[in-house]
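Presented below is the structure to which this report refers.
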Amino acid sequence: MQTLGSRITSKALAGLILLVPLAILFIATMEIYGLLEDMAAFAALELPFPPIINALIFILLGVLAVFAACLFTGLLMTTGPGRKFANFVETGIADKIPLLGLLRNLTMSLTGTGNSQLKPCEINLYGDGACQFGFLMESLADGRMVVFIPGAPAVTLGQTYIVPAERVKLLEVPMTTVVNTITQWGVGAGDIYKPS
């Protein structure tokens, strides 16, 4: 049976776990708000609204500008020169920077675009039955598989292994399900193994 002191300590820790992310979010929001106000003043946006409304309008304009730039770039990539430039970026830059290549493959898998071979899988790394979530990166000619096992909660950081094919089990779930489970330290794993 827990003593009063241990119960109070556990409740205080539970409160701390809840309050710390909220405090970080609040501080980040206030910093971003101040930055946006400064940027709006620098851009000489003399809008006849209270500062908070001006900041929200500035955020909306920024989001729309980023969306428009992404849409324009996406449309350019459907043209001949755009495809050549995209291939140059992939072969000349992205393939030479491992993290960028992983992010590209991860994004392509999450959005269902491109020909990314990245697939979510369960890996029995040491053959002892203790499995880890990871991604199949490539199948080798000798039958072995190259897998990437991310660290939780950062899916872009981890280790790469070459393992026998029998130790890799592909998961028939969307990539987002496995990524969400990893970023939440395993919470949601039941959704991966839910009967279909």
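The values are calculated or read from the model by the stated rules, or taken from the named source; none is laboratory data. Computed from a prediction, not measured in an experiment: that's the story for all the values here. Side chains are part of the model used for accessible areas, which takes the heavy atoms of the whole protein and leaves out ligands, DNA and RNA. Shrake-Rupley method; radii C 1.70, N 1.55, O 1.52, S 1.80 Å.
Here region 138-188 has an Rg and Dmax of 12.2, 35 Å, counting Cα atoms alone. When nucleic acids and ligands are ignored and a 1.4 Å probe is applied, residue 191 ends up with an accessible area of around 90 Å². Computed with every protein chain present, the accessible area of residue 29 is close to 70 Å² [probe 1.4 Å].
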